[in-house]
Amino acid sequence: MSAAEVEEALDSFSPQVVGISALTLMWPKAAALARRLKEGCPSLRVVAGGVHPSLIRQRALEEVPELDAVFWGEGEESVREYLRLREGGGEGAIPGVAHRRRDGGIAVGPDRPPLADLDSLPVPDRRLLHTDPRRYVPAIEQYRRLPVTSMVTARGCPHRCLFCLPDLLGAKVRLRSPQRVLEEVDYLVRDFGIRDIAFWDDTFTLDRERVLAVCEGLTRRGLPVIWSAQARADRVDREMLRAMRRSGCWKLFFGIESLVQRNLDTLGKGERIEQIREAVALTAREGIETEGSFIFGIPGETYREGLETIRGACGLDLDYAKFFFFTPYGALQEELADRGTFVTRDPSAYHGNAITFVPAGMSREELEDLHRRAYRRFYLRPAALWRRLRTLADPLERRKTLRGAGALGRLLLARSPGGRSR
Ligand code: B12
Ligand code: SF4
């Protein structure tokens with residue numbers, strides 16, 4: 001949503017409270033928006049939540065004086081309690097919230113325990129979105145049919161990968177029931193004509209029984225919808241993949257990160273290279289497209305190991321690959337202070353496609369070289385070109401390929417990777 005659209009929405013809606021959600025890269029823009037909103041209407045209450053406010057918590061109120069409150073962790077209950085408290089004129093502390101009191105002080109609440117039952121939340125009402133879900137066109141590897149949308153059917157992750165933020169929504173995994181998931185799929189197909197769904201759970205395949213139940217429900221319904229999801233290499237097997245394929249799964253994403261065991265161990269992924277190779281091969285054999293993402297600049301990684309990962313990536317049966325730079329958020333920045341050099345602390349550069357951290361033992365130029373070399377080697381290999389050529393009869397795939405070729409060209413011609421987040 002542009003600033004002009006925000007103002008238009010404010011004029012037509014006249015809200016009392018505006019909530020801003022921000023990832024780290026969006027934080028400077030979120031702060032600017034809060035400033036603008038307060039300048040335009042000083043009585044408006046402006047609050048922020050989401051990933052970055054969850055990382056910096058009450059510091060957000062120091063960084064952005066125009067914010068009235070900041071929320072961390074899950075927002076549903078905290079927002080309700082905050083609004084109720086303010087309506088009643090109260091100022092006490094609320095779990096998961098830091099808010100300004102009238103005397104200028106800040107009331108900081110304790111952490112809020114994660115919601116126990118995700119089914120207690122209603123299916124999100126997508127009519128409330130500013131943009132019609134049918135107009136959403138994501139990056140080319142994220143859809144095979146249009147209109148496409150996304151769903152999140154679980155919260156929390158039991159793993160602790162170094163680069164990730166698994167504590168955001170808690171370590172305890174909570175799953176929406178298969179019935180609830182299917183109810184939302186029905187709604188998306190019926191009310192919006194959605195034909196492709198990306199399940200953006202951290203690991204959709206975490207609970208095997210639930211996956212099988214969802215797949216069975218989808219197959220039984222025979223809806224005109226296909227889907228994709230994120231998986232871990234240690235959480236797929238043949239029977240599950242077959243059920244997924246039968247029920248319309250067209251692509252699985254694997255966060256592979258590195259094909260050098262030592263570096264995988266540094267990241268705490270808890271996976272073996274062999275497992276990754278097998279999972280990708282098995283997924284491809286079962287007729288599901290595969291996407292892998294990789295990271296360069298892992299603490300301790302060398303340039304030669306980066307090259308090994310590129311070689312390995314080209315040898316896997318992957319349809320799509322993404323290559324990111326190791327990007328340390330939050331407290332990890334302090335922990336890594338003596339394991340490399342921070343190039344910038346500007347939050348807007350913290351999205352993975354710009355170099356923020358150079359590990360000891362590698363230079364910035366080497367990192368840039370790995371990133372560009374990886375895209376060139378992966379996408380310009382004969383096998384990858386052939387893969388794309390075979391799909392060109394389909395007009396949508398043709399458009400996607402053109403978009404992808406443009407993005408690849410811009411990336412390879414750019415002097416230095418950075419700045420852009422997608
Ligand atoms: C889905 C997803 C995407 C999808 C979004 C698709 C879509 N249409 O929804 C896509 C693929 C587009 C995407 C892109 C990117 N993503 Co992403 N993505 C996620 C993912 C896997 C799930 C997010 C989600 O929906 N969670 C479920 C909901 C329920 O949780 P939530 O969003 O946090 O919201 C809850 C609370 O935070 C809170 N809340 C949120 N906002 C607000 C606002 C207010 C006012 C309040 C009160 C509360 C509140 O209440 C919500 C309900 O409880 C997370 C990983 C994760 N587990 O969080 C990464 C994640 C958010 N992505 C991340 C990144 C880095 C990116 C990219 C920059 C990657 C890239 N280089 O391209 C881009 C940025 C795109 C952009 N410009 O915005 C990082 C962010 C790290 C950081 N410190 O900012 C994460 C955390 C992954 C990671 N571990 O590194 N992403
Ligand atoms: S990378 Fe995936 S498995 Fe690892 S902590 Fe993050 S969400 Fe969990």
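None of the figures in this text is laboratory data; all of them are computed from the coordinates on show. Since the structure is predicted, the reported quantities are computational estimates derived from the model, not experimental observations. Methodologically, a virtual Cβ is constructed for each residue, glycine included, from the backbone with ideal geometry; neighbour enumeration extends over all protein chains shown.
Listed values, structure above:
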| read-out | value |
| --- | --- |
| For segment 175-239, average projected area of the Cα convex hull in nm² | 4.3 |
| DSSP-assigned coil residues among chymotrypsin sites (Phe, Trp or Tyr not before Pro) in segment 146-204, each with at most 15 further Cβ atoms within 10 Å | none |
| log10 of Debye I(q)/I(0), alpha-carbon scatterers only, for segment 90-220 at 0.16, 0.20 Å⁻¹ | -0.97, -1.22 |
| Stretchable slack from Arg246 to Ala116, in nm (0.36 nm times residue separation minus alpha-carbon distance) | 43.6 nm |
| Segment 277-375: trypsin sites (Lys or Arg not before Pro) falling in loop per DSSP and having at most 13 other Cβ within 10 Å | Arg345 |
| Rough spin-label spacing in nm, given labels placed 7 Å along Cα→Cβ, for Val189 and Ile106 | 4.8 |
| Centre separation in Å (Cα based) which lies between segment 327-352 and segment 198-218 | 34 |
| Karplus-derived 3J(HN,Hα), 6.51/-1.76/1.60, for each residue of segment 38-43, Hz, glycine and proline x | 5, 4, x, 8, x, 7 |
| Sites Ala171 and Glu76 - FRET efficiency at Förster radius 30 Å, r taken between beta-carbons, to 0.05 | 0.95 |
| Neighbour-count order for His52, His130, fewest beta carbons within 10 angstrom listed first | His130, His52 |
| Fraction of beta bridges assigned by DSSP in segment 251-389 that are antiparallel (%, nearest 5) | 20 |
| Square roots of five times the Cα gyration tensor eigenvalues for the chain, Å | 36, 28, 22 |
| Chymotrypsin sites (Phe, Trp or Tyr not before Pro) within segment 271-360: DSSP coil, no more than 10 neighbouring Cβ in 10 Å | none |
| Average silhouette area of segment 242-314, convex hull of alpha-carbon atoms, in square nanometres | 4.8 |
| Cut-off 15 Å, label 7 Å out along Cα→Cβ of Arg304, residues of segment 239-275 by amide N | 260-263 |
| Rounded to 5, percent antiparallel among DSSP beta bridges of segment 47-150 | 75 |
| Percentage relative contact order, the chain, counting C-alpha pairs under 8 Å, at least six apart | 10 |
| Spatial separation of Cα centroids for segment 275-323 and segment 75-128, in angstrom | 41 |
